[in-house]
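The values are calculated or read from the model by the stated rules, or taken from the named source; none is laboratory data. Nothing here was measured: the structure is a model prediction, and the numbers come from that model. With ideal geometry, Cβ positions are generated from the backbone for all residues, glycine too; neighbour counts draw on all protein chains shown.
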C-alpha cells in the first residue's frame, strides 16, 4: 500500500553541472503531473512525465528539476543588426550635426540584443544523468509513500478487527432477537383477538408473521459484510493501486450495516452497529489518501 502524499529528492554535483530534483505529491482522484524545468529542458518534458507515471499511479504530483551548467557560456554576435544600428546612428548624427558624439558600446549591447547567449546543447550523457537523478528522487518518494502506506494499512486492519468482533456479537444476538420478536408478535395478536384462533385466522397470522420476520432477517446482510471483510483484507495485500477499490468496498459495507441497523433494532446490538459504522468512516478517511 502506498500513500498518495509523499516527498522525495535527489542531487548530483559535478565540475560541469549541478542537478537537483524534488518530487512532492498530494491527494487527487486522478494522476495530475506538473513539472517545473528550466527552458533548456523543455524538449524532454514529455519523457520526464512518462518516467513519473511508472512510479506514481494516482495523485497530484509536483516535480521540480533544477539544472545549472558550470561551463563557460557561448555567445552569438548579430553582426547584421550591429551594422544596421551603427548606420542609423551615423545618419542621425549627420542630420543633427552632432559633433564629438560616439555610440556607447554599453548602451548598444544593453538595449539592442546584439549579443545573445546560446542555449546549451545537451549530450546523451547529460540527459541520462538528469533522468537518473529524477528516478532516484522518485525512488525516495516511493519509499516514503510506502512507509506511510504501511502505517495506514495497520490502522485499517485494526479497524477491521474491531468491526469483525462487533459483527460477531450481532450474529450471536440475532437468534435471540428473532425468538423474542416472534413471541412479542404472538402475544400482541392474542391480546387483540379475544376468541381462540380458528384455522383460517391462524393461517393468516402465520403468513403475516412469516412476511414480517423475513423483512426483519439480517442473515444475508451479515454474510455479505463478512464477504466484504475478506475482500478488504485480500485487497490490502495487493501491490497494485488499490485506493479506488478499497473505497468501493467500504461503500458496500456501509450500505449493508445501515440495512442491518434498520432491521435489527435491538438495544443489545445498537452499540455494536454504531461501532461498525464509525470504523467504516475511519477507514474511508484513510483510504482517501491511498494511491
Item to complete: Using the structure shown, decide if residue 190 is modelled with pLDDT under 95, surrounded by fewer than 18 Cβ atoms within 10 Å (Cβ to Cβ) and either closer than 22 Å to residue 265 by Cβ or in contact with a strand residue (DSSP E or B) (Cβ under 8 Å, 6 or more places away or on another chain) (or both).
Response: no
Discussion item. Exactly one of these conditions fails for residue 69: (1) modelled with pLDDT of 90 or more; (2) surrounded by 12 or more Cβ atoms within 10 Å (Cβ to Cβ). Give me its number.
Written reply: (1)
Worksheet item: Out of all the residues in region 227-241, is one or more under 26 Å from the mean Cα position of the chain (by Cα), within 22 Å of residue 174 (Cα to Cα), surrounded by 15 or more Cβ atoms within 10 Å (Cβ to Cβ) and free of Cβ contacts under 8 Å to residues at least 60 places away in the same chain?
Response: yes
Worksheet item: Taking region 30-60 as the region of interest, how many residues are in a loop (DSSP other than H, G, I, E, B) and either surrounded by 12 or more Cβ atoms within 10 Å (Cβ to Cβ) or more than 13 Å from the chain's Cα centre (by Cα) (or both)?
Response: 5
Worksheet, complete the sentence: Checked region 282-291 for anything touching a helix residue (DSSP H, G or I) at 6+ places or on another chain (Cβ under 8 Å) and surrounded by fewer than 14 Cβ atoms within 10 Å (Cβ to Cβ); matches are 288
Fill in: Lone qualifier among 212, 174 - being over 28 Å from residue 19 (Cβ atoms), part of a helix (DSSP H, G or I), touching a helix residue (DSSP H, G or I) at 6+ places or on another chain (Cβ under 9 Å) and at pLDDT below 85
212
Worksheet item: How many of the residues in region 83-114 are in contact with a helix residue (DSSP H, G or I) (Cβ under 8 Å, 6 or more places away or on another chain) and modelled with pLDDT under 75?
Response: 6
Worksheet item: Which condition number in (1) surrounded by 15 or more Cβ atoms within 10 Å (Cβ to Cβ); (2) under 29 Å from the mean Cα position of the chain (by Cα) is the one that residue 139 fails?
Response: (1)
Worksheet, complete the sentence: Filtering region 61-88 down to residues that are in a strand (DSSP E or B) and either more than 44 Å from the chain's Cα centre (by Cα) or farther than 30 Å from residue 290 by Cα (or both) yields 67, 68, 69, 75, 76, 77
Worksheet item: Are any residues in region 251-271 crowded, with 19+ Cβ neighbours inside 10 Å and in contact (Cβ under 8 Å) with a residue 24 or more places away in the chain, and if so, which ones?
Response: 253, 256, 257, 260, 264, 269
